[in-house]
Amino acid sequence: MYWLVALMSFAILGLVVTGVALEMRPAGAPLRLPRWAKPAMGTQLLVFIGAQLGLLVLGIDQVFAQESVETIEVLEVSTGMGLAIIGAGIPTALSTIGAGIAVGPIGAASLAAITEKPENLGRTLIYLGLAEGIAIYGLVVSILLLNRI
């Protein structure tokens, strides 16, 4: 199984290197590939697809190898614990709603500003990032509250 994963990795690496080499050519230069480039990329793509099918066919028996017979302990959740978990989720909910309300007008205004003056793109991205930061702060507060429970 590991040799199929390695084969897929080498095929992907070859395609990525080819793409980077094609992207790094000088601007406006005509595309001149060696005669072997097109068959090599086709071969790499076929090897990748073949390795994927091989993983699917050979790996399916490992997925269904044995059934799990373990018993799962069910933990009782009290009313207080449920309320605590809901209370920990409220900061994330409210902060994402606030971030959505903030991003709407800021995004519309930044698009208008960019169309008039394209060099303001960096500033408008900073304002959008600050508005999105509201949601991240709420998520951090929720994580801190969950660690306290």
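Points worth noting:
- Added length on full extension, which subtracts the Cα-Cα distance from 0.36 nm per residue, residue 40 to residue 128: 27.2 nm
- For segment 79-148, diffusion coefficient by Stokes-Einstein and Kirkwood Rh (Cα), 37 °C, 0.692 mPa s, µm²/s: 244 µm²/s
- The helix-only estimate of mean residue ellipticity at 222 nm for the chain, built from DSSP H runs of length n ≥ 4 each weighted as -39500 (n - 2.57), is -28000 deg cm²/dmol after division by the residue total.
- Computed extension gain for residue 2 through residue 109, at 0.36 nm per residue and net of the alpha carbon distance, reaches 33.3 nm.
- Compared with the direct C-alpha span, the chain from residue 97 to residue 119 gains 4.9 nm at full extension, assuming 0.36 nm per residue.
- Each Cα pair under 8 Å and six or more residues apart adds its sequence gap; the mean of these over the residue count of the chain is a relative contact order of 27 percent.
- Placing dummy labels 7 Å off each Cα toward the beta-carbon, the span from residue 23 to residue 49 is 2.4 nm.
- Identified option (computed Rg and Dmax of the Cα atoms in Å; candidates [x] 26.4, 72; [y] 18.1, 56; [z] 17.1, 62): [x]
- Only Lys, Arg (+1) and Asp, Glu (-1) charged, at Cβ; segment 8-149 dipole about Cα centre in debye: 940 debye
- Per-residue 3J(HN,Hα) values for segment 9-17, derived from phi via the Karplus relation 6.51 cos²θ - 1.76 cosθ + 1.60 with θ = phi - 60°, read 5, 5, 5, 5, 4, x, 5, 5, 4 Hz in sequence order (x marks Gly and Pro).
Every number in this text was worked out from the coordinates using simple rules, so none of it is lab data. The shown structure was predicted, so the numbers you read here are calculated from the model rather than taken from an experiment. Glycine gets a Cβ as well: all are built from the backbone with ideal geometry, and neighbour counts include every protein chain shown.
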